[in-house]
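See structure below.
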Amino acid sequence: MGNKECINEILETSEKLGFIEKFFGITPTKKDLERFKKFRAALKWKLQAPSVSYGKIGRILKVDPKVVSRWINLRELPFLAKLLKAYISLGEPRKNYKWLCMHIGFGQTLDGPWIQVPISIRKFSDIVNVVNQLKPLPGSIKKIKKFFSTSNVRRLKLEIFAYILGFCVGDFGKKKSGKCIRINSRVFSLKLTKRVKKNLLLGNFIKECVRALGLEMKRYKDQIDKATKAGRFYWESQHSLLVEWIFKVCLGLKNNETTTFNPVRMEWLFKTPKYFIKRFIQGLGDSDGQVNMQADCCNIASYPNTMFLKRLLEKLGVRVRIDNTVDGKIVAMTSREAIKIPLFFENEKISYRYADLKAYVKAKCIKPGGRVPEHVKSLIRRYSRKGCRKVDVIKMLAHKHGIIVGYETLSRYFSS
């Protein structure tokens, strides 16, 4: 197609600017709109008065003649013209869907690839349609498929997506990209305490899960928590409109809302298969879950979403209760109920919470007031002399010796 034909198509397609609405997360600035208006005017001048010089057009439009020349010869395009070019190439998205650019380059360039995303989730097939379009980055599937039971890549990607969604409701940061409002992209960020050594494996696993969904994610320099002074592992993904779509459409949150204080709007999740719900719960469990070995209790502290989470767990046949805490209501259950799902990702190397849960279920419990064998007393005293914390001793007894001892029983022999 020659320049004249291209110019005609650009002018015809862009007359009412309706093409902008075909893209997700794009909000043109006032400057973008003004510049595109001048770009169209320059093209019209070229078609209607070919003999008029670039200098004269530039003076009329108050644009550098060199820029006018590059515009008319289509060697340089303003932002909205690039968006229009993408629309002409991509065509019309399917009904109730929009085009989404996966990768945002430096200078907020739209580098592709392009996928179609629904403006709302009405049924599970909407999720399937999106996930099927996501292209795993090199090596990601190979690194993580051994941790899943399915060998089907399409099913694997759906399980990964559900797990990442769960983490999004929990520990995942979903911060906006800088001050620019033209492209409303976000990044995934993850901070995990260094006090738990297995968090490095968990973070690297999550990194590869994100890469399996087509987004680059890297580990960066460790950080220090200002409040606790504890070190934290740190990962961050590339900027992408996909993260914004997950935040707005999948989680149902608004710009001024956060998962810490606002409940998610995810009723569509109840229409998904049980394996998808399971992975979602595991992602949230590995983020905000806890195993309390002293009380035969597992819980997830997602305060704004307590009743929502209770309904999800009950859909999987898990008996749960609501416990009141200082911070709010949490969903709790016994270890026997938690292991049914299981509540955490079922790999002891990746999820220390799952390792705790499995150790508790297998261990022999010494009831309060019950007889404590001499070798157990000896173990407690030995750990006490080493300066171990009581909560850590309870875990070590479960993991290394297959014994569960309550806090009160432990205290009787701890400093003896």
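Take the range 111-127 and flag every residue that is surrounded by fewer than 19 Cβ atoms within 10 Å (Cβ to Cβ) and under 18 Å from Gly283 (Cβ atoms). The one that is surrounded by fewer than 19 Cβ atoms within 10 Å (Cβ to Cβ) and under 18 Å from Gly283 (Cβ atoms): Phe124.
One residue stands out among those in the range 87-110 that are at positive phi and modelled with pLDDT of 90 or more: the one that is surrounded by the most Cβ atoms within 10 Å (Cβ to Cβ), which is Asn96. Restricting attention to the range 378-416 and to residues that are touching a helix residue (DSSP H, G or I) at 6+ places or on another chain (Cβ under 8 Å), at pLDDT 85 or above and basic (Lys, Arg), the residue that is surrounded by the most Cβ atoms within 10 Å (Cβ to Cβ) turns out to be Lys395.
Consider the range 6-64 and keep the residues that are touching a Phe, Trp or Tyr at 6+ places or on another chain (Cβ under 7 Å) and aromatic (Phe, Trp, Tyr). The one that is farthest from Lys95 (Cα to Cα) is Phe39. Out of the residues in the range 244-279 meeting the condition of being of a type in the set (Val, Ile, Thr) and farther than 23 Å from Phe148 by Cβ, tell me which one is surrounded by the most Cβ atoms within 10 Å (Cβ to Cβ). Once the filter is applied, the top-ranked residue is Thr259.
Would you point out the residue of the range 212-250, among those that are assigned to a helix (DSSP H, G or I) and over 11 Å from the mean Cα position of the chain (by Cα), that is farthest from Phe167 (Cα to Cα)?
Of everything passing the filter in the range 212-250, Leu241 is farthest from Phe167 (Cα to Cα).
Among residues of the range 364-379 that are free of Cβ contacts under 8 Å to residues at least 40 places away in the same chain and of a type outside the set (A, V, I, L, M), those with a Cβ under 7 angstrom from a residue that is in a helix (DSSP H, G or I) and surrounded by 10 or more Cβ atoms within 10 Å (Cβ to Cβ), sequence gap 6+ or separate chain, pair up as Lys377/Tyr413. Regarding the range 350-361, can at least one residue be identified that is free of Cβ contacts under 8 Å to residues at least 60 places away in the same chain, of a type in the set (D, E, K, R) and outside any loop (DSSP other than H, G, I, E, B)? Yes, that holds for at least one residue.
Given the condition assigned to a loop (DSSP other than H, G, I, E, B), in contact with a helix residue (DSSP H, G or I) (Cβ under 8 Å, 6 or more places away or on another chain) and surrounded by fewer than 23 Cβ atoms within 10 Å (Cβ to Cβ), answer yes or no: does some residue in the range 280-290 qualify? Before the answer, list the steps.
First pass over the range 280-290, keeping only residues assigned to a loop (DSSP other than H, G, I, E, B): none.
No, that holds for no residue.
Tell me yes or no: at least one residue of the range 253-270 is touching a strand residue (DSSP E or B) at 6+ places or on another chain (Cβ under 8 Å) and among the β-branched types (Val, Ile, Thr). The answer is no, given that none of the residues of the range 253-270 is touching a strand residue (DSSP E or B) at 6+ places or on another chain (Cβ under 8 Å) and among the β-branched types (Val, Ile, Thr).
The values are calculated or read from the model by the stated rules, or taken from the named source; none is laboratory data. Remember, predicted model here, so these are calculated numbers, not experimental data. Heads up, the Cβs are rebuilt from the backbone with ideal geometry, glycines too, and the neighbour counts pull from every protein chain shown.
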